[in-house]
Every structure is written in C-alpha cells, then in structure tokens.
Amino acid sequence: MKKTINLRSLAAQTLERVVEQGQSLSNLLPTAQKNLSDKDGALLQELCFGVLRTLPLLEAAIKQLMARPLTGKQRTLHFLIMVGLYQLLYTRIPAHAALAETVEGATVLKRPQLKGLINGVLRQFQRQQAELMPQLEQEPQRFLHPSWLLKRLQLAWPEQWQQIIEANNQRPPMWLRVNRQHHSRDQWLALLQENGNNATSHPVYPDALMLETPSAVGQLPGFAQGWVTVQDASAQGCVTYLEPQNGERILDLCAAPGGKTTHILEAAPSAQVMAVDIDPQRLKRVTENLTRLNMQAEVKQGDGRYPDQWCDGTLFDRILLDAPCSATGVIRRHPDIKWLRRDRDIPELASLQREILDAIWPHLKSGGTLLYATCSVLPEENQLQIASFLERHQDAEHIPLSHDSAVGLQCFPDPQGGDGFFYAKLIKR
C-alpha cells in the first residue's frame, strides 16, 4: 500500500530550497513528484508555482500576522504557512481541508509543537482577510516582482512594463507544435477536435496551436509517435526566422533540451544538424527528443565560447544561437526566476552572450545566416547586444524582422500568445 504523503510539507521543503538555497524548481520538482500519483504531482506543482508567483504578497501577510518570523531550524514552517495562505487565497480547495492538511504538515516536518501556531496564524488570516487584503495589495508587493527587475522593466519599456508584469503573473497557455512531416496543422487539429479538445492557430508561426484546455501529453493524438510536441509559440519563431533548408549544415548552439533541434529537422529533414550544449545532463533530453521523433542529429557537449574544441573546423550554412540569458521572458512558466536571478547577473550574462557571438561568427559560411535568440525582455541582452555586435563586425548585415527598422524583434509575454522572446537575424556578407 502506498503511504500517504503530506503534499503541503513536501511543497514547503521544496520552496525553502528554491528561495533560501537558490535551487531551480525545474530541477527539484521532478524528484519530488517521482512517487506521487498524477493528481498529487499536479497539486504539488500548483502549490510550488503558486507560492513563487505570489511570494511578496504572502511575505507581507506573514509580517502582518506574526510578531516574529520563524528562523533557523523552524524556517521550513515559514514556507508551510505560505502554502496554507496560498490555498486560502488562490485555490478552490475547501478551507477546512487546506487548514487540516497544512497543520498536519508540521507533524511530518517533526515540529508537532508548532501545529497550534500554524493553525492560529491561518485562522487569524481567515478572520481578517477582508481588512488585510487592501493593505497587502499595495505597492510594491502588488506587482509580485523583485524591485530590481521592476526598475529594469520600467526603464526599458515605459509603455509596456505593466503588460509584461501582468502576463508574468498569469498561468501560461499550453502551446503545441504539429510535426509537419506527419500532418498539416489543420489535419492534426481535426484529430484533436475528435478527441473533444480544441485549439487556436498562431497567426504567424505555421506549426503552432494553443490548446483551449491544457491536457496531459498522453491524451494528445499521436504524441508517442512524434506527431506533436509541447513547445511555446515564441520558441517556434526561431525556425520560422532561421529558414533551414534541406542539405544545409546547421548548428543549433545551446540546444538543450532539443525542442528547436527537432523543429529544424521537421522543417528540413535532410539538413545535417549539429546540436551542442554545455550541460551533459540536459543533453540527454536532446537525445530523448530526437529518439521520440525518430530523428538523427550529431549531439555534442561543448562550450559556445570555444567552438574549436568541438566543431572540427566545420563551417555552417546556418547557426541558431539560443543564447544563455536571464529568462525574464519566461517567468510565467518558471516563477522561481524572479527569486533566483540577481541584478548583477544581467551584465554577466550580456558579457557571456558577447563572447559566444564573437567566437561562433567565424564558423558561419560567407552568405550564411545566424539567428540570435533569447527568452529575455531586457535590452542589454537583446537590442543593445546586437547593435554592439554589428559595430564590431563589419561583415555582419542585420535583416529586419519587423516593419520598423528596429534592431531585432522583441516579443512580450502575452496571455493569448507566446512567451517573451527576442530574435535578430544576421547575414555574413
């Protein structure tokens, strides 16, 4: 018999490791979900994502409700209280069940003597919720973003920063990529509709569909056979702008987990693709994705700053550089980014991007295309990065991707659209 697991205590432990120890939720969650049913795994994810999405407001609530914060060995209980508050505020879980399970979490965390405290704090919040909420929804915490990021967004995008923040704070839509080697988008959509689900086509990206109701991948027609892949619309834009052709040598640099590698091969099945990433663990995902879709590519571990170590002097017709970045455009999918990133990371990342761009440019054939992409919304990593590259490289020509002559194309996260993404297309003269 499966022993019952207290999900609230598991969520509290996971959250503490993210917020206090700087660990990535993407790395922690799969391990935490390993022995859970699908339903419990989904609830654990909802609790962790939800608390990280609304962290400043929950912190402010605890400040109002408790004379002193829980510290040291009792710190996990601070996060347990957050999990309780999140359920009361943002989920449909009946309050009595949320309270009972959260309070019981203290026993599992070997702090049974604190059950009364936790119960008291959560019940006090229930009683005072109506009068507390107007205070809690004041600035700065109402934006649910760290102040350094808020400042950068307001400075960079005075017109759009509120739209960006609102989108970041919402649950992301589920986008799919239809494998054109098996079906056209409309053919696959008809199969989906037969299964009782529906989806909307993206106006620009030819393979992209947004599900009306998110679904487990096992429920998607032909997922196991490689007919369809889960991939955000904006990430699909990379292949639209790269325009890969059959017979070409193409480099997908910083390729893990492989969504773009496989998309290149769906668009140009007889291209010779090399997929390179620095992280051996994440490279396994590239191989898994290629296997599921029954595709071949040369998969290599390597550092983008030192191509001579892994590319054997190869010159490429096209290079897709999905550069390491702040990931400020995908916060709605990874709310821990808000609390893991630091202001000082931005210049460091911009410097790394510059190094990779300068190192890989000599490996592009004359007349070849380099598509630079990030999932960032910060100009230092995007427009300013490419403008500076163009100044350093006289043989680089910028191909505008929008109607104005702006450097590159910046997309913002959109509740009905893709994530925040930047693309810049360069041709070698």
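The values are calculated or read from the model by the stated rules, or taken from the named source; none is laboratory data. As the structure is a computational prediction, the values presented were derived from the model and not from experiment. Because the Cβ atoms are built from the backbone with ideal geometry, glycine has one as well, and the counts that use them run over all protein chains shown.
Going through (1) under 18 Å from the mean Cα position of the chain (by Cα); (2) surrounded by fewer than 18 Cβ atoms within 10 Å (Cβ to Cβ) one by one, K63 falls short only on (1).
Taken over region 346-404, residues that are touching a residue at least 60 places away in the same chain (Cβ under 8 Å) and either surrounded by fewer than 16 Cβ atoms within 10 Å (Cβ to Cβ) or β-branched (V, I, T) (or both) amount to 8.
Step by step: first the residues of region 330-370, then only those that are in contact with a Ser or Thr (Cβ under 8 Å, 6 or more places away or on another chain) and part of a helix (DSSP H, G or I), then the one that is farthest from V19 (Cα to Cα). Which residue is that?
Within region 330-370, the subset in contact with a Ser or Thr (Cβ under 8 Å, 6 or more places away or on another chain) is 334, 336-337, 340-341, 345-346, 349, 353-354, 363.
With part of a helix (DSSP H, G or I) added as a condition, the list becomes 337, 340, 345-346, 349, 353-354, 363.
Working: I337: 10, L340: 7, D345: 17, I346: 19, L349: 21, Q353: 27, R354: 30, H363: 40 Å.
If we take residues in region 330-370 being in contact with a Ser or Thr (Cβ under 8 Å, 6 or more places away or on another chain) and part of a helix (DSSP H, G or I), then H363 is farthest from V19 (Cα to Cα).
Applying the set (1) over 19 Å from S234 (Cα atoms); (2) out of contact with any Gly (no Cβ under 6 Å at 6 or more places or on another chain) to M174 leaves exactly one unmet item: (1).
To keep it simple, each residue is scored yes or no on (1) at pLDDT below 95; (2) within 21 Å of Q126 (Cβ to Cβ).
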site	(1), (2)
T4	yes, no
L29	no, no
A32	no, no
Q45	no, no
V51	no, yes
L55	no, yes
E59	no, yes
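Within region 357-367, is even one residue under 25 Å from the mean Cα position of the chain (by Cα), assigned by TED's automatic domain parsing to the domain that holds D252 and among the hydroxyl-bearing types (S, T, Y)?
Pass one, region 357-367, residues under 25 Å from the mean Cα position of the chain (by Cα): 357.
Checking which are assigned by TED's automatic domain parsing to the domain that holds D252 leaves us with 357.
If we keep only those that are among the hydroxyl-bearing types (S, T, Y) too, we end up with none.
There is no residue in region 357-367 that is under 25 Å from the mean Cα position of the chain (by Cα), assigned by TED's automatic domain parsing to the domain that holds D252 and among the hydroxyl-bearing types (S, T, Y).
Yes or no, residue by residue, for (1) touching a His at 6+ places or on another chain (Cβ under 8 Å); (2) assigned to a strand (DSSP E or B):
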position	(1), (2)
Q236	yes, no
A255	no, no
T261	no, no
P269	no, no
A275	no, yes
R285	no, no
M295	no, no
K300	no, yes
G304	no, no
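In this structure, M82 does not satisfy being assigned to a helix (DSSP H, G or I), of a type outside the set (S, T, N, Q) and without any contact (Cβ under 8 Å) to a residue 40 or more places away in the chain.
Okay, residues lined up against (1) outside the structural domain of D419 (by TED's automatic domain parsing); (2) buried (at least 17 other Cβ atoms within 10 Å of the Cβ); (3) in contact (Cβ under 8 Å) with a residue 12 or more places away in the chain:
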position: N195; (1), (2), (3): yes, no, yes
position: H202; (1), (2), (3): yes, yes, yes
position: M210; (1), (2), (3): yes, yes, yes
position: C238; (1), (2), (3): no, yes, yes
position: S270; (1), (2), (3): no, no, yes
position: A275; (1), (2), (3): no, yes, yes
